Amino acid sequence: MQVFTTTDGVVRVDNRGATLLVGLKSLDDVLAAGEWDQLTRHPAGPSVNLDALTLRPPVLPANIVLVGLNYRSHADEIGQPVPETPLFLPIASDGVLASGEVIPPPPSAPNKVDYEGEIGVVISRPAYQVAAADAWSYVAGLTAVNDVTARDVQKAAAAQRDMAGMLVSKGFPGFKPLGPGILTTGHDHADLQLTTSVNGELRQQATLGDLLFDVPTLIEAISASIELQPGDVICTGSPSGVGFVSERFLVPGDLIEITLGDLPPLRNVFGQS
């Protein structure tokens, strides 16, 4: 099942087609009410054409947690060792964009902006000190994320071991496109595929099973110190193929498309509509 937040309300897509769900304004409201498990049974209203609706971010998380070096291919391409335990960093969530919105270049660092296609894990209920064996029961579903990064800011911060600067490099307004919807299954789909393309050229390709630290391991590690809330998103890391390795940074007008499984692509233009 796929679910979407639109300006018309919540849309469910399953073998019955795409339908607007009666009385539901957003998936955030569903999560806050603790009713996520009822989405499959919620009364359906009229059938809709999803392509004709205006999408909003599927959720507006209170917390976004970024995971680093979670694909061997990415660690290899940047010459870093594979970590022994998950590396993660919580970041402000005010950079979230919907599919179709424009990623604005930051005025202070517009020239070395990079994409990172990632699998996002959406949390369904409060999660604190969760054991890996129980972790999937805290997952609402999976979504696509573009972990946009200003590489010049990131490089300067890394050289100074400046954690605040690292956060800034990934936290500019509009730097976390998310969506367009949530795929409500994932734990039994190691072959679930993630792809990233820029202007139609395939740049990244990986599967859920390629993660060095799988979703349960990440939830256990992160929730040991952070109490995750419904709607929070864990960005599970980027596979190889990021732009800075080959100095292929985004330029205004570039179209970035990130696809997860059979969800519609997360589409965002950099710098201009």
Quick one: which of Val59, Val67 is closer than 20 Å to Met163 by Cα and of a type outside the set (Gly, Ala, Ser)? Val67
Hey, which of the strands (runs of 3 or more DSSP E) in region 1-63, taking only ones fully inside, have at least 2 residues that are closer than 15 Å to Thr184 by Cα and hydrophobic (A, V, I, L, M, F, W, C)? 2-6, 9-14
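Regarding Gly237, is this residue small (Gly, Ala, Ser), crowded, with 23+ Cβ neighbours inside 10 Å and in the same structural domain as Thr149 (by TED's automatic domain parsing)? Reasoning before the result, please.
Numbers: small (Gly, Ala, Ser): yes; crowded, with 23+ Cβ neighbours inside 10 Å: yes; in the same structural domain as Thr149 (by TED's automatic domain parsing): yes.
Spelling it out, Gly237 is indeed small (Gly, Ala, Ser), crowded, with 23+ Cβ neighbours inside 10 Å and in the same structural domain as Thr149 (by TED's automatic domain parsing).
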Whichever residue in region 14-65 is within 21 Å of the chain's Cα centre (by Cα) and among the β-branched types (Val, Ile, Thr) and, among such residues, is nearest to Phe175 (Cα to Cα): Ile64
Matching residues in region 64-90 (in a strand (DSSP E or B) and without any contact (Cβ under 8 Å) to a residue 60 or more places away in the chain) number 1
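Among Val139, Val145, which is the only one that is touching a residue at least 12 places away in the same chain (Cβ under 8 Å), more than 18 Å from Gly243 (Cα to Cα) and outside the structural domain of Asp51 (by TED's automatic domain parsing)? Walk me through how you get there before you give the answer.
Working: Val145 fails: more than 18 Å from Gly243 (Cα to Cα).
Within the list Val139, Val145, the selection yields Val139.
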Residue set Val30, Val67, Val13; condition under 30 Å from Phe244 (Cβ atoms) and surrounded by 14 or more Cβ atoms within 10 Å (Cβ to Cβ); output residue Val67
Do we find that Ser93 is part of a loop (DSSP other than H, G, I, E, B) and crowded, with 22+ Cβ neighbours inside 10 Å in this structure? no
What single numbered condition from (1) part of a strand (DSSP E or B); (2) more than 27 Å from Pro105 (Cα to Cα) fails to hold for Glu257? (2)
With the condition kept exactly as written, say whether any residue in region 113-136 is farther than 22 Å from Ala62 by Cα, among the aromatic types (Phe, Trp, Tyr) and not in a strand (DSSP E or B). yes
Checking Lys25 against (1) at pLDDT 95 or above; (2) on the phi > 0 side of the Ramachandran plot, only one condition comes out false. Which one? (2)
Out of Leu228, Leu266, which single residue is over 26 Å from Ala109 (Cβ atoms) and buried (at least 23 other Cβ atoms within 10 Å of the Cβ)? Leu228
Has region 98-106 got at least one residue that is part of a strand (DSSP E or B), buried (at least 16 other Cβ atoms within 10 Å of the Cβ) and either of a type in the set (Phe, Trp, Tyr) or under 11 Å from the mean Cα position of the chain (by Cα) (or both)? no
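The values are calculated or read from the model by the stated rules, or taken from the named source; none is laboratory data. These numbers were taken from a predicted model, which means no experiment stands behind them. Every residue, glycine as well, gets a Cβ built from its backbone with ideal geometry; the counts of neighbours run over all protein chains shown.
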